[in-house]
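**Student:** Encoded as structure tokens, here's the structure I'll be asking about.
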Amino acid sequence: MATLKVSSHVPSPSEDAEQLKSAFDDLTFDFCEGWGTNEDLIISILAHRSAEQRKLIRQAYHEACGEDLLKTLDKELTSDFERAILLWTLEPGERDALLANEATKRWTSSNQVLMEVACTRTSTQLLHARQAYHARYKKSIEEDVAHHTTGDFRKLLVSLVSSYRYEGDEVNMTLAKQEAKLIHEKIKDKHYSDEDVIRILSTRSKAQINATFNRYQDEHGEEILKSLEEGDEDDKFLGLLRSTIQCLTRPELYFVDVLRSAINKTGTDEGALTRIVTTRAEIDLKVIGEEYQRRNSIPLEKAITKDTRGDYEKMLVALLGEDDA
């Protein structure tokens, strides 16, 4: 379930655009920041509009002001708050394309953002991301992933980002039994990057994959992730494989792990925190938050407010549906 709270009485896109323009032209004085932008007004509008509404606001703003709203936001805002607002204001496909492009440019063997985008989106959402990538960067996401990654990582990631899975609930139990047996043999022999393993993970529907892993547990007495824990804990590819399986079967557990790593006593990973909140607020952030509290004995909203400040904190809290709007 989503956490986004859309206002019950939403003004027209042109009215929202006019309000945003007034926020950028605000002449109130703040002793810390001087003359500047009305960030609270920006949050009250954008953090309470759906993706389609935000798209229409961008169009209305461009028609009224002759400039892309994203460019204005980039000029007027700074730091983590700017990043959160920009990611949120982008259309979902554009946002995923941007995240994927950044991940390819900064790719390391421990960077799992490409896998996250590929495995936690629907087939249609991933297709939109690929189309947005084409339009924005004038090349394919598959091309960039292949260029920036190597070896087994390349084999798995290129297959995942180019996937278009069946989204229905129908499963083939005979196939599930066959592929559970095949995967068990590959794991036993430590052939984690075998072509058949990658083929199954990148082409089968999520319902079929769940059926296969349920059969695996029935046949072998333990979950597949438990079997994979017996491998080398320093093996980065094995770590990616485990996360891939988790994203395909229980994505909320993956996101809880990312959030727990992002919000910790040694410092906050604002990049990961912003990414998860802005990409999941309209999808399943409520489920993620409930699982986070169950595992960490603290509400996600409280964990975030302990580690963030100012307008950035206000924006995240609004997307969590915990503000007063």
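**Student:** Going by a ≥ b ≥ c, the root eigenvalues of the Cα gyration tensor, does region 93-161 fall in the rounded group (a/c under 1.5), the prolate group (a/b larger than b/c) or the oblate group?
**Tutor:** prolate
**Student:** Then there is this: Could you work out the relative contact order of region 173-249? I mean the mean sequence separation of Cα pairs under 8 Å and 6+ apart, divided by the number of residues, in percent.
**Tutor:** 34 percent
**Student:** State to the nearest 20 debye the size of the charge dipole of region 175-325 about its Cα centre, where the only charges are +1 on K and R beta carbons and -1 on D and E beta carbons.
**Tutor:** In debye, rounded to 20, region 175-325 gives about 200.
**Student:** While we're on this one: Picking from A303, H147, V10, whose Cα lies most toward the positive end of the charge dipole for the chain (charges on Cβ: Lys, Arg +1; Asp, Glu -1)?
**Tutor:** Result: H147, furthest along the dipole toward the positive end.
**Student:** Would you order H128, H191 from fewest to most other beta-carbon atoms within 10 Å of each residue's own beta-carbon?
**Tutor:** In order of increasing Cβ crowding within 10 Å: H191, H128.
**Student:** Right, another one. Mind putting a number on the dipole of region 38-180 about its Cα centre? Charges go on the C-beta only, +1 for Lys and Arg and -1 for Asp and Glu, and I need it in Debye to the nearest 20.
**Tutor:** With Lys and Arg at +1 and Asp and Glu at -1, about 400 debye.
**Student:** Right, another one. Which length gain, in nm to one decimal place, applies between D269 and N210 when the Cα-Cα distance is subtracted from 0.36 nm times their residue separation?
**Tutor:** 18.1 nm
**Student:** Could I ask something else about it? Roughly speaking, what is the centre-to-centre gap between region 271-306 and region 195-231 when only Cα atoms are used, to the nearest Å?
**Tutor:** Centre-to-centre distance over Cα atoms comes out at 27 Å.
**Student:** Please compute the net charge surrounding H48, taking Lys and Arg as +1 and Asp and Glu as -1 over other residues with Cβ under 9 Å from its Cβ.
**Tutor:** Spelling it out: positives minus negatives among the neighbours equals +1.
**Student:** Suppose every Lys and Arg Cβ carries +1 and every Asp and Glu Cβ carries -1, with no other charges. What dipole size does the chain come out with about its Cα centre, to the nearest 20 debye?
**Tutor:** In debye, rounded to 20, the chain gives about 860.
**Student:** Below 8 Å between Cα atoms, with a sequence gap of 6+, how large is the relative contact order for the chain in percent?
**Tutor:** Dividing the mean separation by the residue count of the chain yields 21 percent.
**Student:** Which distance in nm do the two modelled labels at E67 and Q125 give, with both placed 7 Å along the Cα-to-Cβ direction?
**Tutor:** 3.2 nm
**Student:** Okay, next question. Once Lys and Arg get +1 and Asp and Glu get -1 on their Cβ, which of L156, L127, V113 lies farthest toward the positive end of the dipole of region 93-161?
**Tutor:** Farthest along the dipole direction, towards plus: L127.
**Student:** Let me ask something else. Does region 161-211 classify as rounded, prolate or oblate by the C-alpha gyration tensor (a ≥ b ≥ c root eigenvalues; a/c under 1.5 gives rounded; else a/b over b/c gives prolate, otherwise oblate)?
**Tutor:** In terms of gyration-tensor shape, oblate.
**Student:** Under a no-solvent Debye model with one identical scatterer per Cα of the chain, what's log10 I(q)/I(0) at q = 0.07, 0.09, 0.13 Å⁻¹?
**Tutor:** -0.32, -0.52, -1.01
**Student:** Where a ≥ b ≥ c are the square roots of the eigenvalues of the C-alpha gyration tensor, would you call region 252-307 rounded, which needs a/c under 1.5, or, failing that, prolate if a/b is larger than b/c, or oblate?
**Tutor:** Oblate, because a/c is 1.5 or more while a/b does not exceed b/c.
**Student:** So which lysines pass the test for K206, namely a Cα distance under 17 Å, with those fewer than 8 places away in the same chain ruled out?
**Tutor:** K177
**Student:** Let me ask something additional. Give me D for region 228-325 in µm² s⁻¹, whole number, from Stokes-Einstein with Rh from the Kirkwood sum over alpha-carbon pairs, 37 °C and 0.692 mPa s.
**Tutor:** 230 µm²/s
**Student:** So how far, in whole Å, is the C-alpha centre of region 95-171 from the one of region 61-94?
**Tutor:** Comparing the Cα centres of region 95-171 and region 61-94, I get a distance of 24 Å.
**Student:** Right, here's the next one. Just to be sure I follow: if Rg is taken over the C-alpha atoms of region 173-249 and Rh is the Kirkwood radius over the same atoms, what is Rg/Rh?
**Tutor:** 0.92
**Student:** Contact order normalised by length for region 252-307, with contacts defined as Cα pairs under 8 Å and 6 or more residues apart; what percent is it?
**Tutor:** Computed value for region 252-307: 37 percent relative contact order.
**Student:** Suppose only helical runs count, i.e. DSSP H with n ≥ 4. What mean residue ellipticity at 222 nm does that imply for the chain under -39500 (n - 2.57) per run, divided by all residues and rounded to the nearest 500 deg cm²/dmol?
**Tutor:** -20500 deg cm²/dmol
**Student:** By how many nm would the segment from N172 to S110 lengthen if fully extended, with 0.36 nm per residue of separation less the alpha-carbon distance?
**Tutor:** 18.9 nm is the gain from fully extending N172 to S110.
Computed from the coordinates by the stated procedures, all read-outs in this text should not be read as laboratory data. What you are looking at is a predicted structure, and each value in this text was computed from that prediction instead of being measured. With ideal geometry, Cβ positions are generated from the backbone for all residues, glycine too; neighbour counts draw on all protein chains shown.
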